[in-house]
């Protein structure tokens, strides 16, 4: 298993602002994944963050909207930029360790 | 992207009951399969992998039918603590777990 922490756990933000979510893992991992879970929907992969290279984004997600940093092998950030109410969701980071393990999530509400 | 379909439920069952969930996937080339459990307002947690030969973990049995492209999860002797949403998950491409496709989940409520 893996111990993953995320900050903040929740936030309420105004339209047009940006929020950076932090993810910390208890040991080094090659890849970290960022998912989104919108109300009543399945988890959707936003991007894969590799240390030392640019993140790989899934169809429908772009770097300008969701910039990602991966400064070392235990940490990553996801920024939700220029937010709108449609960005209200739970954002989860995850790592692979014999299965996919998730952080506790960040519950974002955009007004 | 291909789909993973689940009955959303909810399944309301009494304690001690046996309950089964099915899941279908559309990509016949899918490589590996999992069941995750998600409690209310919590993150998903891996419950078990699903192997071609079927596998059992205590009260939980998972089956895979590649020909029909469906996966099942059987829970015997349901406990109150089994109440959660069960997510069917398929890895389409093998390799990285980041290629996982999640179903929307089946909600289970076990009543006293």
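Each value in this text was obtained by applying a stated rule to the coordinates, not by laboratory testing. Note that the coordinates shown come from a computational prediction; the quantities given were computed from them, not determined experimentally. Note that each Cβ is placed from the backbone with ideal geometry, even for glycine, and that neighbours are counted across all protein chains shown.
Please specify each residue of the stretch A:78-111 satisfying the condition of being under 10 Å from the mean Cα position of the chain (by Cα) and surrounded by 18 or more Cβ atoms within 10 Å (Cβ to Cβ). Correct list: A:78, A:80, A:90, A:91, A:92, A:93, A:94, A:103, A:105, A:106.
Each row is one residue, and each column tells you yes or no for (1) within 13 Å of the chain's Cα centre (by Cα); (2) closer than 23 Å to residue A:89 by Cα; (3) without any contact (Cβ under 8 Å) to a residue 12 or more places away in the chain.
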{"residue": "B:4", "(1), (2), (3)": "yes, yes, no"}
{"residue": "B:13", "(1), (2), (3)": "no, no, no"}
{"residue": "B:28", "(1), (2), (3)": "no, no, no"}
{"residue": "B:45", "(1), (2), (3)": "yes, yes, yes"}
{"residue": "B:55", "(1), (2), (3)": "yes, no, yes"}
{"residue": "B:59", "(1), (2), (3)": "no, no, no"}
{"residue": "B:73", "(1), (2), (3)": "yes, no, no"}
{"residue": "B:87", "(1), (2), (3)": "yes, yes, no"}
{"residue": "B:107", "(1), (2), (3)": "yes, yes, no"}
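Output yes when any residue across the stretch A:37-50 is surrounded by 12 or more Cβ atoms within 10 Å (Cβ to Cβ) and away from chain B (no Cβ under 11 Å), and no when none is. No.
Taken over the stretch A:61-111, residues that are outside any loop (DSSP other than H, G, I, E, B), within 16 Å of residue A:30 (Cβ to Cβ) and within 14 Å of chain B (Cβ to nearest Cβ) amount to 9. Listed by position, the strands (runs of 3 or more DSSP E) contained in the stretch B:21-109 that have at least 3 residues being surrounded by 14 or more Cβ atoms within 10 Å (Cβ to Cβ) and within 14 Å of chain A (Cβ to nearest Cβ) are B:32-38, B:44-50, B:84-91, B:100-102.
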